[in-house]
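Engineer: My questions will all concern the structure given below.
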Amino acid sequence: MACTSCSTSTGGAPKGCKNNGTCGTDSCNKLTVFDWLANMSLPNGEAPFDCVEVRFKNGRKEFYRNTEKLSLSIGDIVATEASPGHDIGIVTLTGELVKIQMKKKGVAVTSPEIAKIYRKASQKDIDIWSASRDKEEGMKVRARELAIAQKLEMKISDIEFQGDGSKATFYYTANDRVDFRLLIKDFAKDFSTRIEMKQVGFRQEASRLGGIGSCGRELCCSTWLTDFRSVNTSAARYQQLSLNPQKLAGQCGKLKCCLNYELDTYLDALQGFPDFDTKLQTEKGTAVCQKQDIFKGLMWFAYTDNFANWHVLKIEQVKEILAENKLKNKVSSLEDYALEVTTEPEKDFNNAMGQESLTRFDQPKRKKKNNKKRKPNGENTAGQPNNNNANRPRPIQPNQSNQPKITPNNRNENKQ
C-alpha cells in the first residue's frame with residue numbers, strides 16, 4: 001500500500017517521496033498502526049486522551065503529551081520537545097489506543113518524564129528538517145572514512161538528524177568496547193554540529209536498514225517484528241534442523257528470529273515422545289535412539305554394537321518396551337516390534353502436461369549427411385543433359401585419328 005507521493009511519474013518510472021517510509025500520509029511506512037476507534041465518538045463529558053504517538057526516522061516511536069490541546073490527527077507533522085532544541089516527527093496514533101500502546105511498552109500514563117508537543121510544524125520547520133535529512137547519506141560515507149582512518153573496529157550503520165538540525169545521532173555496531181573520543185572531535189570539526197554516538201545491536205541494525213531474507217520476503221524485524229527475543233541453537237535441535245550456520249543465520253549474522261515461530265508447536269508435539277536419550281534393554285543388547293519423526297510419530301533405534309542397522313518403532317511400541325524394562329524384564333529383540341519399511345515409488349513428473357523436454361535445446365546438433373548422389377558428366381541432378389558442357393571440345397578417343405577412314409574403294413586408289 002503506497003501513498004500518493006510514491007506513485008509513478010510520467011513514463012512509468014517510480015517517482016518516490018524520498019522519505020523511505022516516513023511520508024506524511026503514513027500509509028507506506030513500516031509498523032503502521034490501524035486506528036479502529038477513529039470513527040467512534042467519545043461519551044458526553046469525556047475528554048480525549050492527552051497523549052499521542054509520534055514516529056521518527058526508521059520506525060522510532062515516542063509518546064508525547066498534548067499540553068496545548070491541539071487538534072491532531074494521524075499524519076500531522078509536529079514539533080516535539082528535545083534536548084536541546086526541538087525535533088520533527090509524524091503523528092501515528094491518537095486517542096484511546098495510545099493508552100493501550102503505553103501500557104504495552106511499560107510507560108506510565110501519569111509519568112512526568114513524558115515530553116510535550118510544542119506546535120504543529122510550520123513550513124520553515126519542514127524545510128530545515130528536509131535539508132537535514134538530505135545531508136545524512138553524504139555524512140555517513142565521510143564518517144566511515146574517518147573511522148577507518150583511526151582503525152576503529154566499529155561500523156557506522158546510520159545517521160539521524162534532529163528536526164532543527166542542531167544534533168546528529170550516529171548509530172554504530174561493534175563487538176567490543178570502542179574508544180571514540182578522538183573520532184567525535186573529528187566529526188565535530190568536519191560536520192560542525194552536535195554529535196551523539198549510540199551503539200545498537202546487530203538485530204537492531206538489520207531492522208533499521210532492512211533487506212530481503214532467504215525466504216524472498218522483507219525482513220520481519222524491519223516490517224512488523226518489534227521485540228527481539230533470544231534465539232538459541234536448541235530451537236533448531238527441537239525442530240530437527242541441520243546445524244548449519246550459513247542456513248540458520250540471518251542478515252544480522254545471528255540466528256534467525258523465525259526459528260521461534262513454530263518452536264512452541266514442536267515442543268507440544270514432543271511431549272508425547274519419550275526422551276531422545278532413551279535406551280531400550282533387549283536380549284540382543286542395548287538399543288539407543290538415532291532419529292525421530294514428529295509428524296509420523298516414529299522413532300529409529302539401533303543396537304550399540306551395530307549402529308548401521310536401524311529399526312523403526314512407533315511411540316506406543318517404545319513405551320511398551322520401556323514399561324517392560326521398568327519391571328526389569330528384557331524383550332527378545334527389536335525385530336519383533338520393528339515396522340517393515342516400504343520404499344515408495346518415485347513419482348515421475350516429466351512431461352506431465354504433454355510438453356516437450358526442457359533440455360531439448362541442450363542436445364548437440366547432428367551433422368546433416370549429404371544424400372545427393374554424383375551424376376555422370378553431362379547430366380544434372382534431374383537427369384537432363386548439362387548445357388554448360390555443350391560448347392566444350394570433346395576429348396579424342398584412342399581409336400580415333402585425324403586420318404580419313406580407309407575403305408576398299410580408296411585402298412585401290414592409293415595403290416595406283
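The values are calculated or read from the model by the stated rules, or taken from the named source; none is laboratory data. The model shown is predicted, which means the values in this text are computed figures rather than measured ones. Heads up, the Cβs are rebuilt from the backbone with ideal geometry, glycines too, and the neighbour counts pull from every protein chain shown. Surface areas here come from the heavy atoms of the whole protein model, side chains and all, with no ligands, DNA or RNA. Shrake-Rupley method; radii C 1.70, N 1.55, O 1.52, S 1.80 Å.
Engineer: Please report the relative contact order for region 49-170, taking Cα pairs under 8 Å with a sequence separation of at least 6, and give it as a percent rounded to a whole number. It would help to have the intermediate numbers written out before the result.
Structural biologist: On the way: 195 pairs, mean separation 31.4, N = 122.
That works out to 26 percent.
Engineer: Apply the Debye scattering formula to region 182-251, with a single equal point scatterer on each alpha-carbon and no solvent, then give log10 I(q)/I(0) at q = 0.12, 0.23, 0.24 Å⁻¹.
Structural biologist: The computed values of log10 I(q)/I(0) come out as -0.52, -1.07, -1.12.
Engineer: Still on this model: Accessible area of region 72-224 with a 1.4 Å probe: how many percent of it is carbon plus sulfur?
Structural biologist: That share works out to 51 percent.
Engineer: Distance from the Cα centre of region 58-94 to that of region 234-312, in angstrom?
Structural biologist: Between the Cα centres of region 58-94 and region 234-312 lies a distance of 51 Å.
Engineer: Roughly how much of Cys252 is accessible, in Å² to the nearest 10, using a 1.4 Å probe?
Structural biologist: Rounded to the nearest 10, that gives 30 Å².
Engineer: Further question on the same structure: Using Cα-only point scatterers and the Debye equation, what is log10 of I(q)/I(0) for region 252-339 at each q in 0.11, 0.18, 0.26 Å⁻¹, rounded to two decimals?
Structural biologist: Relative scattering, expressed as log10 I(q)/I(0), comes to -0.37, -0.77, -1.34.
Engineer: So how exposed is Phe276, as accessible area in Å² (1.4 Å probe, rounded to 10)?
Structural biologist: Counting only protein heavy atoms, the figure is 100 Å².
Engineer: Once amide H atoms are placed 1.01 Å from N in the peptide plane, what residues at a sequence separation of 5 or more from Lys116, or on another chain, have their amide H within under 5 Å of its amide H?
Structural biologist: So Lys116 has HN proximity to Arg65, Glu81.
Engineer: Which loop-located GluC sites (Glu not before Pro) does region 103-149 contain, where loop means any DSSP state but H, G, I, E or B and the Cβ has at most 13 other Cβ atoms within 10 Å?
Structural biologist: Details: sites: Glu113, Glu136, Glu137, Glu145; in loops: Glu113.
Taking region 103-149 and a limit of 13 other Cβ atoms within 10 Å, the loop GluC sites (Glu not before Pro) found are Glu113.
Engineer: With the calculation restricted to Cα positions, what are the radius of gyration and Dmax of region 196-331 in angstrom?
Structural biologist: 20.9, 72
Engineer: Determine ³J(HN,Hα), in whole Hz, for all residues of region 297-302 in sequence, where each value follows from phi through the Karplus function 6.51 cos²θ - 1.76 cosθ + 1.60 and θ = phi - 60°; x replaces Gly and Pro.
Structural biologist: Running phi through 6.51 cos²θ - 1.76 cosθ + 1.60 with θ = phi - 60° gives x, 10, 9, 10, 10, 9 Hz.
Engineer: May I ask you to evaluate 6.51 cos²θ - 1.76 cosθ + 1.60, the Karplus curve with θ = phi - 60°, for each residue of region 188-199 and list the ³J(HN,Hα) values in order in whole Hz, giving x for glycine and proline?
Structural biologist: With coefficients 6.51, -1.76 and 1.60, one gets 5, 6, 7, 9, 6, 8, 6, 10, 9, 9, 9, 8 Hz.
Engineer: For each pair in Lys116/Lys254; Lys247/Lys296; Lys284/Lys314, compute the distance between the two Cα atoms and list the pairs where it is over 31 Å.
Structural biologist: From the list (Lys116/Lys254; Lys247/Lys296; Lys284/Lys314), the Cα-Cα distance tops 31 Å for Lys116/Lys254.
Engineer: Rounded, prolate or oblate, given the Cα gyration tensor of region 234-279, with a/c below 1.5 counting as rounded?
Structural biologist: Note, shape of region 234-279 comes out oblate.
Engineer: In terms of the ratio Rg/(2.2 N^0.38 Å) built on C-alpha atoms, what value belongs to region 108-213?
Structural biologist: Compactness ratio reported: 1.24.
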